[in-house]
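Student: Mind having a look at this structure? Questions to follow.
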Amino acid sequence: MSYSDILIKSAYLLGAILFIIGIKRMNKPATARRGNQVSAIGMLIAIVVTLLQLQIITLPEVMICIAIGSGIGYYVAYKVKMTQMPEMVALFNGFGGLASLGVGLSDYWFKSIENGMVIDNITLVSILLSVLIGGVTFTGSYIAFAKLNGRISGNAIVFKGQHILNLLLLLASCVAGGFVMWQQDMILGMYILAAISLLLGVLVVIPIGGADMPVVISLLNSYSGMAACATGFVLNNYMLIVAGALVGSSGIILTDIMCKGMNRSLLNVVMGGFGQTSATAVTVGGKSDLVVKEVGVEEAAILFESASSVVIVPGYGMAVAQAQHIIKELMELLLKKNINVRFAIHPVAGRMPGHMNVLLAEANVPYDRLLEPDQIDDDLSNTDIVFIVGANDVVNPAARHDKSSPIYGMPIINADKAKTVIVSKRSMASGYAGIENELFGYPNCLMLFGDAKATLTKVVNEIKEM
Amino acid sequence: MTVEYLIALFYILILASYCGFELISKIPPTLHTPLMSGSNAISGITIVGSILCCNQLGYTGASKIMGMVAVILAMINVVGGYAVTDRMLKMFKKQ
């Protein structure tokens, strides 16, 4: 090993260590920002060291590409609204996947087609995996992006034989890969593999409905890590393997947390179509004779005013209505009147893990007021008001006792235990699971109908006048 | 690549995954979105691979173009991911 080689390898090692330290620091909000910066420095070191190995002839082109990519990335990162975060993460994820596909193809092309070299089997398998996982990650993330920002319907798209088709395509990709293994200059096999991987990504994500997106995004995140890992095997680069493994495990853990939050298996989520079938089952069951009590703006204001503790349960509806800022105003107003205000956030609320927390942080709600369901559960029976904004299935008591309910067994926020429950909702439409929420018919539950932002603004004004 | 070398790579893969599992399971739900965008930025490490792909001696047309496209994409992922994570984490404040 030459000196420059030792230097380069050591720098990669340093980069990998910085990634690990960076992630370690992410475990507390107070140190998280520094952690992210440490990880970014690790990346910078890796990139600079890699650039130092470049031949002078290729340097300008690479530098131009780096400048273009950085410019776009930076621009998008500062332009994006916090409510668009889920789709942005999905989109960037897709780019990572496409980059892995590009690296795999490029390496194959260079060695096999352009220079007629023989690629050893292990490297070739890594290339094939890099292409396959990268392709699935790319189109899968793109579909998730399009679903999240409404370019295509967020509903699950299901058709007969979908799973069999996916399975056949996966088999076909193995066959195509096998052909390339058998005869290395078989470009057609590579073309077919790349095409199938792109198609698979689309087909795997379309049957998954909007509220299952947290699982899908986490899973795709994990894929992008695995794709980076495969690329590491192609290029025999330890740092790529370490970084890819970190991302891969991060995605798997988040996926697991999301699935547990819904009490569903990963297989059940990935098979898709959740909510569509159960909706009909319930109407047939004829449970739709729920009698709800409505509450007006003034009355709601009086209730808030006379409470001594309030727990707010936000859901995806809060993000849609952009109600986080007005909720923050409500919180401040109540705090001034010595009313204890806290937030209970369900792990699957919103469209990605931690979605609600980011929106509330954006509205300057301090993070120590945001609690997990377990942390607040004991206090709920002593709470005067639980205020539900745009959440539905995660507060449905049917999850506790109704064995026939599709959400039976899902851990919920036991909002019904509070003295009074106020629900801000646009209409009586059911939540993602397509079932009616029996909570709305409970004697202690009051419905505050209307757009969350508009009605809350009125409530806040009422309280101000008191 | 020899099988022996492959096994060494697997050692790294498994130890790093274990390390990742240990570290990430301790991250509170409040930080899950920044964790995702931050780890997303880390997965942009394929940038190293794509730069190396641009640099093979004697490369021509197709492999070069693909390498360059990969550089741009990975760089969007890296810079965008870190910048947006920083922007988010800046907002997390204590009482």
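Student: Between a residue in the range A:96-113 that is within 8 Å of another protein chain (Cβ to nearest Cβ) and aromatic (Phe, Trp, Tyr) and any residue that is surrounded by fewer than 24 Cβ atoms within 10 Å (Cβ to Cβ) and not in a helix (DSSP H, G or I), which pairs come within a Cβ distance under 6 Å, given they are 6 or more apart or on different chains?
Tutor: A:PHE110/B:GLN56; A:PHE110/B:TYR59
Student: What is the number of the single condition among (1) more than 7 Å from every other protein chain (Cβ to nearest Cβ); (2) small (Gly, Ala, Ser); (3) crowded, with 18+ Cβ neighbours inside 10 Å that A:SER2 does not meet?
Tutor: (3)
Student: Further question: For the list (1) crowded, with 20+ Cβ neighbours inside 10 Å; (2) free of Cβ contacts under 8 Å to residues at least 60 places away in the same chain, I need the number of the one condition that A:ILE435 fails.
Tutor: (2)
Student: Looking only at the range A:168-190, count how many residues are out of contact with any helix residue (DSSP H, G or I) (no Cβ under 9 Å at 6 or more places or on another chain) and at pLDDT below 90.
Tutor: 0
Student: Would you check which residues across the range A:5-45 are closer than 30 Å to B:LYS94 by Cβ, surrounded by 17 or more Cβ atoms within 10 Å (Cβ to Cβ) and either hydroxyl-bearing (Ser, Thr, Tyr) or in the same structural domain as A:SER249 (by TED's automatic domain parsing) (or both) and list them?
Tutor: A:SER39
Student: I need a count of the residues in the range B:1-20 that are surrounded by fewer than 17 Cβ atoms within 10 Å (Cβ to Cβ) and under 18 Å from A:ILE257 (Cα atoms).
Tutor: Count: 1.
Student: Under the condition of being within 7 Å of chain B (Cβ to nearest Cβ) and in contact with a Phe, Trp or Tyr (Cβ under 6 Å, 6 or more places away or on another chain), which residue from the range A:198-245 is surrounded by the most Cβ atoms within 10 Å (Cβ to Cβ)?
Tutor: Taking the candidates together, the pick is A:ALA243.
Student: Condition test on A:ILE302, is it under 33 Å from the mean Cα position of the chain (by Cα), at pLDDT 85 or above and either in a helix (DSSP H, G or I) or within 24 Å of A:VAL365 (Cβ to Cβ) (or both)?
Tutor: no
Student: For residues in the range A:46-73 being more than 7 Å from chain B (Cβ to nearest Cβ) and β-branched (Val, Ile, Thr), which is surrounded by the fewest Cβ atoms within 10 Å (Cβ to Cβ)?
Tutor: Looking at residues that are more than 7 Å from chain B (Cβ to nearest Cβ) and β-branched (Val, Ile, Thr), I get A:ILE56.
Student: If you don't mind, there's one more thing I want to ask. Restricting attention to the range A:74-82, does a residue exist that is more than 7 Å from every other protein chain (Cβ to nearest Cβ), in contact (Cβ under 8 Å) with a residue 60 or more places away in the chain and either outside any helix (DSSP H, G or I) or more than 18 Å from B:MET66 (Cα to Cα) (or both)?
Tutor: Within the range A:74-82, one or more residues are more than 7 Å from every other protein chain (Cβ to nearest Cβ), in contact (Cβ under 8 Å) with a residue 60 or more places away in the chain and either outside any helix (DSSP H, G or I) or more than 18 Å from B:MET66 (Cα to Cα) (or both).
The values are calculated or read from the model by the stated rules, or taken from the named source; none is laboratory data. Please read all numbers here as calculations on a predicted model, not as lab measurements. Reconstructed Cβ throughout: ideal geometry from the backbone, glycine too, with neighbour counts over all protein chains shown.
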